[in-house]
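The block underneath contains the structure these notes are about, expressed in structure tokens.
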Amino acid sequence: MHRSDSPYRVPLRQIPPDGLDLEFDLSGAFARQALQGTEVDAASAKLAARVHLQRVVQDVFVRGQVAGRVTLPCSRCAKQAELPIDAPFEVTFVPPEKDGRAGDTDGADEVELSAAELDVAPYDGEAVELEETLREQILLAFPIAPLCREACKGLCSR
């Protein structure tokens, strides 16, 4: 399922031979939707992404970076902590016939993926949809245990 009017959908015909550079503001509506269900204050999130798309035969290689600032609770004291996000990423989009998982939608035939396959995503043959990739990269950039400051002593001052 895709929206043809999505700013994150890039038709292959728009990618020139030397590649295409794009920038996205991921604050506002994108952040609210992408961060729904997390402890991040989506209203104050300031996020942006830069991507370079390069076509090689039928594959589309995407190299990019998600950067900005988010506010989430400190894992020690629960105060709000403003943290930087700076996450480079690389993803290879392949047409459905090259993606071995394209026909498996019920999860009955679960397959363990190698590290190389984790950075591979299918596209519909006409356009690359970056929205889910950008959302995933934001979520992966969050620290496991965010801190308001390195010396935070937590709830108990001792």
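Taking the criterion of being under 13 Å from Phe142 (Cα atoms) and polar (S, T, N, Q), the only residue of the range 29-44 that qualifies is Thr38. Take the range 41-74 and flag every residue that is touching a helix residue (DSSP H, G or I) at 6+ places or on another chain (Cβ under 8 Å) and in a loop (DSSP other than H, G, I, E, B). Ala45, Gln58, listed by residue number.
For the range 58-67, residues that are open to solvent by 20 Å² or more (accessible area, probe 1.4 Å) and touching a residue at least 40 places away in the same chain (Cβ under 8 Å) total 1. Filtered by the rule that a residue be farther than 29 Å from Pro146 by Cα, at pLDDT 70 or above and outside any loop (DSSP other than H, G, I, E, B), the range 78-120 gives Thr92, Phe93, Val94, Pro96, Glu97. Residues in the range 4-40 that are surrounded by fewer than 13 Cβ atoms within 10 Å (Cβ to Cβ) and touching an Asp or Glu at 6+ places or on another chain (Cβ under 8 Å) were compared, and the one that is modelled with the lowest pLDDT is Ser6.
The values are calculated or read from the model by the stated rules, or taken from the named source; none is laboratory data. Keep in mind that this is a model prediction, so the values were computed, not measured. In this analysis, Cβ positions are derived from the backbone assuming ideal geometry, glycine residues included, and neighbour counts consider all displayed protein chains. Each accessible area value is taken on the protein alone, full model and side chains, heavy atoms only, with ligands, DNA and RNA left out. Shrake-Rupley method; radii C 1.70, N 1.55, O 1.52, S 1.80 Å.
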